[in-house]
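The values are calculated or read from the model by the stated rules, or taken from the named source; none is laboratory data. These figures come from a predicted structure and were not determined experimentally. Here the Cβ is made from the backbone with ideal geometry for all residues, glycine too, and neighbour counts use every protein chain on show. These accessible areas exclude ligands, DNA and RNA; they are computed on the full protein's heavy atoms, side chains included. Shrake-Rupley method; radii C 1.70, N 1.55, O 1.52, S 1.80 Å.
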Amino acid sequence: MHHGAEIVDHDPSTAFTPSEAAMLDRTAQCAILAARQAIARARLDVSGKSADRIGIVMGICAGGRGDSNRTLQEPPPWADIAHARTFLGTSHFTQTGAVVAKLGLHGPQATISTACASSASALGHACELLEAGKADAILAGGADAFSFHTYAGFHALGAMAREPCSPFGNVVGVTFGEGAGCVILERLDDALRRGPSIFGEILGFGASGDAHHITAPHPSGDGLRRAMERALSMAALRPADIDYVNAHGTGTRDNDGAETLAIKAVFKDARAIPPVSSSKSFFGHTLGAAGVLEFIVSLLCSAEGIIPPTINFACPRAGCDLDYVPNQARKGRIRRFLSNSAAFGGVNAVLAAGEYVPDRAASPVAVDRVGITGMAVLSSVACSLDGFAAALREGRTGIDVIDRFETQDGRKRSAALIHDFQPRKLLPTLDVRRMDRLNQYASVVAGLALKDAGLQGSRTGGDRIGVIVALTRGPVSTQEQFIENLRSCGVAKLSPKFFPAMVASTVAGQISQAHRLRGFTSTVIDGTGAGLHALLHAFETLRQDDGLDAVLVVAADEVGALFHRIYDRLGLLVTEDEEPGRVRPYHPAGRGLVLGEGAIAVLLERLANARARGARLRAELTGYGLTSEAGGAKEVANGVQLERAMRLALAEAGVPPSKLDLIYGLGRGVREHDEREVRALTRLLESRPTPVGSALGNVGVAEASCGLFSVAAATLGIERGEAYPIAGADELMGELAYIRGDVRPGTYRRALVVGSTEAGNNAALVLASTDAGST
């Protein structure tokens with residue numbers, strides 16, 4: 001018998017209409033309810049123009065798999081449209097999108113999936129966006145409903161507790177829970193001006209990677225120690241200033257022991273180690289919601305003057321010898337606290353926070369300049385930068401008839417697959433034999449980008465290079481094997497070898513371990529163009545965090561049978577009869593997608609650091625904009641918020657539209673999407689003949705990667721004086737100056753890259769040559 005902390009009194013009919021209750025996954029429902037509570041408590045106006053300046057960052061671990069037990073039953077998820085829609089709705093980012101749509105928010109939108117650290121990472125990213133002035137308020141938090149997939153996977157790993165979990169105590173193992181938590185974050189001056197109750201302040205955030213193991217922490221707690229120390233440094237606090245630590249405290253032997261050692265190491269020179277407790281003893285391990293719920297517990301206890309206990313605690317476990325506040329709360333003042341989170345993939349995230357102190361002098365955040373010093377591409381047209389540039393120059397496509405798996409109903413379908421991937425030839429020093437296909441792509445392209453930047457080998461050791469991964473579907477072939485194994489064997493006989501691929505953060509863990517990268521670590525999950533959002537997350541992190549020299553951004557996609565069949569069932573794919581072997585970006589009769597796969601890595605580096613070591617600077621990032629299309633149908637169709645993202649990017653870069661030399665979009669052959677992008681660009685350019693291109697005709701719709709393929713095309717164009725034609729372009733919508741036919745030589749100093757997911761999460765960024773970036 002296993003236990004769980006389930007929400008038993010949630011009645012969707014009291015909060016949602018029947019159609020909403022049927023459409024929204026339980027994770028999304030919980031997230032919306034928590035968001036409403038936070039907004040009401042903050043007395044925040046989310047209507048009208050106010051919505052333009054309110055963002056959202058959500059941490060989601062299991063995605064919408066709260067209802068996934070339905071997907072394990074016959075028929076398979078692609079059998080009919082209803083099943084296909086339900087399964088596609090399990091995507092992590094659809095949960096965040098549901099909150100955005102329900103509340104009508106138009107500010108920045110991000111979904112962070114660092115497994116059990118997801119919502120702690122989300123709060124950290126939200127603070128960066130506020131510090132950068134990208135929003136006036138951000139709804140930040142996390143949600144996860146009880147996931148049968150996750151339960152089955154942890155059961156296979158032997159990590160489940162037979163009794164309610166006892167973190168640091170004699171009962172070993174995890175007890176899962178479900179829930180959601182949200183907070184409203186504002187800059188202090190704005191909050192004081194607006195006048196809501198202030199519950200406390202976030203003073204610092206630290207993140208790190210273990211670079212040790214995919215599912216087990218570093219035995220000494222080294223990664224968590226570094227994250228705690230980074231949070232203290234960002235907060236300008238000493239260990240002696242901390243009155244309480246809310247521990248990650250899962251109840252597993254490895255995690256609890258490593259965390260105890262990490263806490264001892266951080267406080268070794270302090271007068272005493274503060275009290276430590278685990279809130280998971282109350283509401284179980286809520287996965288993506290865990291970090292924010294534990295943060296809220298700490299804030300509330302600080303306000304009440306109590307130290308929260310660790311319940312279910314009979315006696316301490318060997319190696320766990322701190323003050324875990326067993327079973328009973330005690331009176332005590334919490335002025336400053338740390339809230340720890342750790343996760344699969346060796347991800348660590350720590351928040352330093354405390355009570356609001358009037359008139360406290362805040363340290364200004366210095367913003368540094370950041371550029372691209374390394375880049376590498378694996379795609380269906382080439383597995384090198386020079387090959388990729390040649391394919392763009394020639395208008396060559398990598399799209400062909402699928403031969404990897406059987407397509408839906410045996411009909412011919414095309415995709416842009418990689419057929420000439422030779423990891424040993426590309427990166428002989430990297431052993432990828434135990435990795436699945438997507439992790440091979442990601443780890444190899446990461447190594448190639450480090451090599452391109454001159455940071456390969458031993459020079460990548462240490463803590464000052466971070467990793468941020470962008471995913472849409474993740475390692476789909478391994479996920480398919482997990483689902484099939486669960487269907488055929490059940491929970492009792494499920495193999496543990498496929499489960500880590502179900503956890504998005506393990507891709508970053510593989511990269512970190514392969515290349516010994518131990519700095520800031522995170523994972524962004526979104527729809528088509530997710531790589532752009534990861535790149536901008538990395539850009540903001542790097543220019544605000546002087547504990548980093550560089551951040552490696554990796555986007556990766558794999559085409560597998562499951563999602564291809566689901567897309568096919570929903571009528572989203574072009575048939576061979578309609579468009580044999582072609583994506584038709586910006587075509588007025590665009591009929592659908594051709595999926596692609598591949599990976600791309602971009603190394604961002606502080607300009608001062610790059611110049612000090614004599615690195616080649618490919619291009620500089622000078623500005624960006626993030627918005628969400630959550631308004632009415634007319635507003636979405638017109639691309640109002642997409643245009644606003646472009647103007648925000650240009651304003652930050654100090655570049656008027658008339659000074660743009662080049663634009664790359666994400667035209668993908670879906671008429672409704674491409675029309676929205678064209679309308680927004682037409683208004684921005686006002687008939688100016690600025691060249692417009694798209695790389696998706698070459699590489700297909702590689703969902704997470706395609707935005708970074710556009711970044712690569714723009715960067716190569718700036719470096720080489722080339723604007724690349726849209727592959728296969730014939731009839732194109734509107735009056736934009738599309739790049740047709742042959743490569744267009746010229747001087748290109750400033751490029752705008754724009755992208756929008758299928759749900760309207762918009763990103764725009766400005767790239768500049770090194771001389772243009774400094775003016």
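So the values come out like this:
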{"item": "9 Å beta-carbon shell around residue 274, net charge (K/R +1, D/E -1)", "result": "-2"}
{"item": "339, 384, ranked by accessible area, largest first (probe 1.4 Å)", "result": "384, 339"}
{"item": "Largest-first principal axis extents, alpha carbons of the stretch 630-775, Å", "result": "42, 34, 30"}
{"item": "Estimated distance in nm for a label pair at residue 49 and residue 742, the labels positioned 7 Å out from Cα along Cα-to-Cβ", "result": "5.0"}
{"item": "Check: the chain dipole with +1 on Lys, Arg Cβ and -1 on Asp, Glu Cβ, in debye", "result": "1180"}
{"item": "Cα-based Lys proximity count in the chain, under 17 Å, for pairs eight or more positions apart or on separate chains", "result": "5"}
{"item": "Inter-site label distance for residue 720 and residue 682 at 7 Å from Cα along Cβ, in nm", "result": "3.2"}
{"item": "Volume per residue of the C-alpha convex hull in the stretch 440-509, rounded to whole Å³", "result": "106"}
{"item": "Relative contact order of the chain, pairs being alpha-carbon contacts under 8 Å that are 6 or more residues apart, as %", "result": "14"}
{"item": "When the convex hull of its Cα atoms is projected in every direction, mean area for the chain (nm²)", "result": "30.0"}
{"item": "Rg ratio (alpha-carbon, reference 2.2 N^0.38 Å) - the stretch 582-627", "result": "1.92"}
{"item": "Burial ranking of peptide ranges 23-35, 648-660 (average Cβ count within 10 Å, highest at the top)", "result": "23-35, 648-660"}
{"item": "Ordering of 714-726, 385-397 by burial proxy (mean other Cβ atoms within 10 Å per residue, highest first)", "result": "714-726, 385-397"}
{"item": "Relative intensity, log₁₀ I(q)/I(0), of the stretch 148-301 from a Debye sum that treats every alpha carbon as a point, q = 0.16 Å⁻¹", "result": "-1.00"}
{"item": "Net lengthening on full extension, residue 484/residue 360 (0.36 nm per residue, minus Cα-Cα)", "result": "39.0 nm"}
{"item": "Rounded if a/c under 1.5, otherwise prolate or oblate - the stretch 379-474, Cα gyration tensor axes", "result": "prolate"}
{"item": "Whole-percent carbon and sulfur share, accessible surface of the chain, 1.4 Å", "result": "51"}
{"item": "Å² of accessible area per residue within the chain, as computed with a 1.4 Å probe and no ligands counted", "result": "35"}
{"item": "Cα-based equivalent ellipsoid of the stretch 109-157: semi-axis lengths in Å, sorted from largest, via gyration tensor", "result": "30, 10, 6"}
{"item": "Share of Cα-Cα pairs in the stretch 78-138 lying beyond 14 Å, as whole percent", "result": "66"}
{"item": "Values of log10 I(q)/I(0), in the order q = 0.10, 0.16, 0.17 Å⁻¹, for the stretch 208-367 under a Debye, Cα-only, solvent-free model", "result": "-0.33, -0.88, -1.00"}
{"item": "The stretch 128-182-the stretch 367-406 distance, computed between alpha-carbon centres (Å)", "result": "36"}
{"item": "Solvent-accessible area of residue 127 with every protein chain in place, 1.4 Å probe, in Å² to the nearest 10", "result": "40"}
{"item": "Spherically averaged projected area in nm², based on the convex hull that wraps the Cα atoms of the stretch 304-427", "result": "18.8"}
{"item": "Segments 417-423, 206-212, 86-92 sorted - mean Cβ within 10 Å per residue, highest first", "result": "206-212, 86-92, 417-423"}
{"item": "Between the stretch 25-61 and the stretch 411-482, the Cα center-to-center distance that results, in Å", "result": "35"}
{"item": "For the stretch 37-183, Kirkwood radius (reciprocal of mean inverse C-alpha pair distance, Å)", "result": "17.0"}
{"item": "Sum of side-chain charges, residue 681 neighbourhood, beta-carbon under 14 Å (Lys, Arg +1; Asp, Glu -1)", "result": "0"}
{"item": "Alpha-carbon centroids, the stretch 279-313 and the stretch 199-246: separation in whole Å", "result": "17"}
{"item": "The chain: calculated mean residue ellipticity at 222 nm from DSSP helix runs of at least 4, using -39500 (n - 2.57)", "result": "-10000 deg cm²/dmol"}
